[in-house]
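These notes concern the structure reproduced below.
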Amino acid sequence: QQKVQQSPESLSVPEGGMASLNCTSSDRNFQYFWWYRQHSGEGPKALMSIFSDGDKKEGRFTAHLNKASLHVSLHIRDSQPSDSALYFCAASEPGYQNFYFGKGTSLTVIP
Amino acid sequence: GGIITQTPKFLIGQEGQKLTLKCQQNFNHDTMYWYRQDSGKGLRLIYYSITENDLQKGDLSEGYDASREKKSSFSLTVTSAQKNEMAVFLCASSPRVYAEQFFGPGTRLTVL
């Protein structure tokens with residue numbers, strides 16, 4: 001059973017547009033969330049973490065967490081072609097060393 | 001900065017063969033991970049290790065062995081490769097609990 005679900009599976013946005021990615025978990029114990037990005041042929045790279053309810057902004061990227069609804073989102077403002085990649089949400093719970101990853105959202109930014 | 005090196009980059013094996021994948025990191029991180037990435041299935045944890053000589057099973061450990069003989073290295077063995085198996089195996093390391101994981105470029109496995 002997949003503990004972390006991501007939507008949509010794929011997403012296309014025009015260059016300069018806003019991309020919104022979603023992540024929900026089925027485990028109420030999850031408290032710690034990360035977003036990762038993977039370009040083709042490379043390993044994933046961490047984008048940002050969010051551990052508290054509310055918004056966290058880093059440059060063009062904003063993450064939002066609502067622990068009550070077990071929902072995390074990532075919003076990419078002014079999307080660039082270089083943002084085209086596979087985006088993963090990862091979640092963990094207190095006392096655990098490992099994270100559960102979702103299946104990913106494939107983002108394509110169209111020039 | 002540091003780097004994670006995975007060898008080999010491509011691995012082709014025969015059905016039933018034992019195959020070993022290697023990972024080295026120079027971050028001096030305590031925790032290391034092995035993940036399997038199949039198309040459309042995301043990353044699934046095979047084994048992780050929180051320190052030298054420690055091994056913890058992930059959800060996908062059946063059919064795999066792991067070894068952490070040094071802090072800097074973590075090996076994964078496919079005990080009996082399955083025909084038509086094709087996946088990318090990713091190694092990662094992390095300095096502490098809940099922290100960012102740093103990934104290697106992956107080893108792409110094909111079993112004939």
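Every number here is computed from the coordinates shown, using simple stated rules; none is lab data. Everything quoted here is computed from the prediction, not taken from an experiment. Cβ atoms come from the backbone with ideal geometry, glycine included; neighbour counts cover every protein chain shown.
Residue B:30 passes every criterion in (1) charged (D, E, K, R); (2) in contact (Cβ under 8 Å) with a residue 12 or more places away in the chain; (3) surrounded by fewer than 17 Cβ atoms within 10 Å (Cβ to Cβ) apart from (3).
Residues in segment A:27-68 that are touching a residue at least 40 places away in the same chain (Cβ under 8 Å) and more than 14 Å from chain B (Cβ to nearest Cβ): A:28 alone.
Check B:83, B:71, B:57, B:41 and return the single one that is away from every other protein chain (no Cβ under 14 Å) and either without any contact (Cβ under 8 Å) to a residue 60 or more places away in the chain or within 30 Å of residue A:7 (Cα to Cα) (or both).
Values: B:83 fails: either without any contact (Cβ under 8 Å) to a residue 60 or more places away in the chain or within 30 Å of residue A:7 (Cα to Cα) (or both); B:57 fails: away from every other protein chain (no Cβ under 14 Å); B:41 fails: away from every other protein chain (no Cβ under 14 Å).
Testing whether each residue is away from every other protein chain (no Cβ under 14 Å) and either without any contact (Cβ under 8 Å) to a residue 60 or more places away in the chain or within 30 Å of residue A:7 (Cα to Cα) (or both) leaves just B:71.
Consider segment B:52-64 and keep the residues that are loosely packed, with under 15 Cβ neighbours inside 10 Å and out of contact with any Lys or Arg (no Cβ under 7 Å at 6 or more places or on another chain). The one that is nearest to residue B:104 (Cα to Cα) is B:57.
Here segment A:69-111 is the region considered, the condition is being closer than 24 Å to residue B:38 by Cβ, among the polar types (S, T, N, Q) and not in a loop (DSSP other than H, G, I, E, B), and the residue that is farthest from the other protein chains (Cβ to nearest Cβ) is A:108. If you filter segment B:91-104 down to residues that are in contact (Cβ under 8 Å) with a residue 60 or more places away in the chain, crowded, with 17+ Cβ neighbours inside 10 Å and not small (Gly, Ala, Ser), you find that the one that is nearest to the other protein chains (Cβ to nearest Cβ) is B:103. Residues of segment B:66-79 include at least one that is under 13 Å from residue B:33 (Cβ atoms) and basic (Lys, Arg).
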